[in-house]
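We did not get these values from a lab; they are worked out from the coordinates using the rules stated. Keep in mind that this is a model prediction, so the values were computed, not measured. Here the Cβ positions follow ideal geometry from the backbone for every residue, glycine too, while neighbour counts run over all protein chains shown.
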Amino acid sequence: MPSNAPTIADLFAGATRSAVHLEMRDHYGVAAEADDFREWLDTGHLDTDPASPDWAPWVDLVSQAVARGVSVRRARIVSEPVTDYIRYEHASTSVNLHAGEDVRWLPRRNASALALPGNDFWLFDGQVVRWGFFSGNGASVGHEVSTDEASTRLCAEAFEAVWALATPHDRYKIR
């Protein structure tokens, strides 16, 4: 990623209308949450305290955007039966909701007819896309920011198509 590329915090700070996130992987190997995920697998304990050191920066970022009138939505396309990682995400989504995000889930089998980008993304105000790149085992390998019209249009249309078919978090039952 170029050194002058805006951070996720910068992109949230600049958003005035919307921030949407599409997640399409069944497992993420994010180093920062590896210990938490392993503890959850071993003990069932999960940090869902929005004020905890792990969650507070995200909660603050999203809450501030929402307070400014920015709509923050997240959609997750998942294979069923779900992986342990998706179970873990589902169990911690209460914190995303607390921060002000609206979250929906779409079983992958219901996404077959949708045109989707090849990578996860955040889209800010329909104009700036932040691609997320991951290795085969789910480790983050970087991000790229683009304002290319074709890319932002693809992301906006894909997200809205997923959103229309997806189930709100409080009604989605893990299978």
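Projecting the Cα positions of Ser63, Met24, Gly132 onto the charge dipole of segment 8-171 (unit charges on Cβ atoms of Lys, Arg, Asp and Glu, taken about the Cα centre) puts Met24 furthest along the positive direction. Most mobile of Leu154, Leu123, Leu11 per a Gaussian network model of the chain (Cα springs, under 10 Å)? Comparing Leu154, Leu123, Leu11 in a Gaussian network model of the chain, the most mobile one is Leu154. Gap in Å between the Cα centre of segment 77-136 and the Cα centre of segment 1-73? Value for the Cα centre distance between the two parts: 12 Å. Less than 5 angstrom separates the built amide H of Ser18 from those of Ser71, Asp125, all sequence-distant by 5 or more or on a different chain. Taking θ as phi - 60° and the Karplus parameters 6.51, -1.76 and 1.60, the scalar couplings of segment 131-136 work out to 6, x, 10, 9, 6, x Hz in sequence order, x denoting glycine and proline. Assuming 0.692 mPa s and 37 °C, estimate D for segment 1-133 with Stokes-Einstein, Rh taken as the Kirkwood radius over Cα pairs, in µm²/s. Estimated via Stokes-Einstein, D reaches 206 µm²/s. Computed from backbone phi, the HN-Hα couplings of segment 5-12 come to 5, x, 7, 4, 5, 4, 5, 5 Hz, rounded to whole numbers (Karplus: 6.51 cos²θ - 1.76 cosθ + 1.60, θ = phi - 60°; Gly and Pro given as x).
Working note: Karplus 6.51/-1.76/1.60 with θ = phi - 60° gives segment 84-97 the couplings 4, 5, 5, 4, 4, 4, 4, 5, 9, 5, 4, 6, 4, 5 Hz, where Gly and Pro are set to x.
Which value at 222 nm does the chain reach when only helices count, each DSSP H run of 4 or more adding -39,500 (n - 2.57), with the total divided by all residues and rounded to the nearest 500 deg cm²/dmol? Before the final figure, lay out the partial values.
Details: 5 runs with 62 residues, N = 175.
Calculated at 222 nm, the ellipticity per residue is -11000 deg cm²/dmol.
Computed extension length for Arg108-Ala91: 4.2 nm, one decimal, from 0.36 nm per residue of separation with the Cα-Cα distance subtracted. Highest mobility in the GNM of the chain, judged by mean-square fluctuation with C-alpha springs under 10 Å and restricted to Thr43, Thr16, Thr83, is found for Thr43.
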